[in-house]
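Taking it in order: structure first as structure tokens, then the write-up.
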Amino acid sequence: MKKILILLLVLPLISIAQSVKGTFSPAEDFSYAFLYHATPDSANYIDRGQVDENGTFEIQLDSTLTPGIYKIVYATPPEENNFDFIYDGKESIAFNFSLDKGINFTTSEENKLWYSYLKSIDMVNQTISNYYGKENTDKKGFNAIFKTLKDTQTAYEELAEDKLVSHFIQANRPYMPSKHEDISTYSNHLKQHYLSQIDFSDHLLQSSSYLTDRVTAYVFHMVDNPNNDTYKQHVDDVAKAISNDDSAIKTSLLEILWQRFVILKNNDVANYITDNYLLELAQKTNSIVLENTLISYKNTSVGSVAQDFEITLNDKKTSLLELEGADHYLLIFWSSGCSHCLNELPKVKAMVANKPHLKVVAFGLEDDDKKWSKEIKNYPEFIHQIGLGKWDNPIVNTYGVSATPTYFLLDASKVIIAKPHGIEDLEVTLKDL
């Protein structure tokens, strides 16, 4: 009788246990699914599930897990191979995922509702695009389209009431003109509205990828063929839309934009973000690593004057900016204990041998001067300066040096004109000098 009673007690617990499970295709491209709980500040690892030969996995969800945004990471790099989902603490999650078609939730009303909403809104937006694409002036047709948009939004907001997904559906509320507008007027109003419905202080939105996706879409895709002035205006709009009271999320989103422009090698806009917003925010939020990164990037951007440092030349004190007599300067950060450096410096010496108007400034990052003093005798044509303390030398942070050798090509005024990546890139850069 006791065994039967225990079984009766356990069975209900088994039946209500939640899980997240999915099927990946093609199965052979996936090994594990990693589950994280996303917060505004980080993603906390929960568990992992092994993907079997059929592409399926399942992770049981502990009853202590709180409702919120969770993340599945399915490949490396994790920041590029993941997707969010909503967990309400009550329902299991099931999905199919393929590299071609993306995510499709088969279980979980929260997530099915969100993706159904996105698909419905996208269909209406396509109709709007077609209407304007045909230069249509039919006001009845215009009104019918936007009535459909309004009805769709209203219906989904009602379906999402008391659900976590309502945060996203409301934040995504589209612009709906009250009367007929030409394409120019509509586009301007659409742009003005794009960020206005978002509560940037919403914890759930901050934990998801929604804010990042929305902000990057606004900056990079709101207008065709944007120039740097357009980018800067869009960055201003984003910064204005986020309250200064939300400094943490403001810092995070502007840093993401800054990183995008760095990847695009758009120094102008990246440094604009630094100068006007991000450096002050990094200081305000005590983000020392970010502050140092911003400063070193700005110091070493193409078009910036190289940061000065002391040089002892012929037993006299001078500095980088005081050097004269050359049309170009090649600044190399190296170390006598670095095998790559010892391999590449002879090649550099050969490259510059027939370039009398180019001087090499070799800054050695060293623990002491013993090996360095011996090694520099092989390069009497170079201007040498030792940086004791090696990676703790302050010039390392100033120039953002993370590996040796690191190269900078300067003009006669010590303006950085190139940052060659490796010896092959350096050879190409120096070829036409």
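The values are calculated or read from the model by the stated rules, or taken from the named source; none is laboratory data. Treat the numbers as computed from the prediction; the structure is a model and nothing was measured. Every residue, glycine as well, gets a Cβ built from its backbone with ideal geometry; the counts of neighbours run over all protein chains shown. Surface accessibility is based on the protein's heavy atoms, side chains included, excluding ligands, DNA and RNA. Shrake-Rupley method; radii C 1.70, N 1.55, O 1.52, S 1.80 Å.
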* **Virtual paramagnetic centre 7 Å along Cα→Cβ of Asp41, amide N under 17 Å, in the range 69-104** => 69
* Asked: Could you sort Trp334, Trp114 by accessible area so the largest value comes first, with the probe set to 1.4 Å?
  -> Trp114, Trp334
* Structure fact -> Burial-style ranking of 343-350, 375-382, average other-beta-carbon count within 10 Å with highest first, yields 343-350, 375-382
* To do: Using per-residue counts of other Cβ atoms within 10 Å, averaged over each peptide, order 131-138, 207-214 from highest down.
  => 207-214, 131-138
* Going through the range 286-333, which GluC sites (Glu not before Pro) have at most 15 other Cβ atoms within 10 Å and a DSSP loop state? -> Glu324
* Taking only Cα atoms of the range 82-221, radius of gyration then Dmax in Å -> 16.4, 49
* Asked: Along each of its three principal axes, how wide is the spread of alpha-carbon positions in the range 39-132, in whole angstrom units, largest first?
  -> 49, 29, 27
* Each residue of the range 321-333 in turn: what ³J(HN,Hα) in whole Hz from Karplus with 6.51, -1.76, 1.60 and θ = phi - 60°, glycine and Pro shown as x? -> 6, 8, 5, 9, x, 9, 7, 9, 10, 9, 9, 10, 9
* Jot down the radius of gyration and Dmax of the range 294-387, Cα atoms only, both in angstrom. => 13.6, 37
* First obtain the Kirkwood hydrodynamic radius of the chain from its Cα pairs, then insert it into the Stokes-Einstein equation at 4 °C and 1.567 mPa s, and state the resulting D in µm² per second as a whole number. => 49 µm²/s
* In whole Å, what three semi-axes, largest first, describe the equivalent ellipsoid of the range 358-407 built from its Cα gyration tensor (square root of 5 times each eigenvalue)? -> 18, 14, 8
* Structure fact -> Once both label points are put 7 Å beyond Cα along the C-beta direction, the His221-Leu388 separation in nm becomes 5.6 nm
* Calculate one ³J(HN,Hα) per residue across the range 374-389 by plugging θ = phi - 60° into the Karplus curve 6.51 cos²θ - 1.76 cosθ + 1.60, and present them in order as whole Hz with x for glycine and proline. => 6, 5, 5, 5, 6, 9, x, 7, 7, 8, 10, 9, 8, x, 5, x
* **Stokes-Einstein D in µm²/s, Kirkwood radius over Cα pairs - the range 270-313 at 37 °C with 0.692 mPa s viscosity** => 286 µm²/s
* Output the direction-averaged projected area (hull surface divided by four) of the convex hull of the alpha-carbon atoms of the range 254-352, in nm². => 9.3 nm²
* Theoretical gain in end-to-end length, Ser304 to Thr66 [0.36 nm per residue, Cα-Cα removed] -> 80.8 nm
* Asked: Can you pull the accessible area of His421 for me, 1.4 Å probe, Å² to the nearest 10?
  -> 140 Å²
* To do: Ratio to report: Rg/Rh of the range 181-329, with Cα atoms as the point set and Rh obtained by the Kirkwood method; give two decimals.
  => 1.12
* **Dimensionless Rg ratio for the range 324-433, taking C-alpha atoms and the 2.2 N^0.38 Å reference** => 1.00
* **Accessible-area value, Asp245, 1.4 Å probe, nucleic acids and ligands omitted, Å²** => 140 Å²
* **Area projected by the alpha carbon convex hull of the range 393-433, averaged over all directions, nm²** => 3.3 nm²
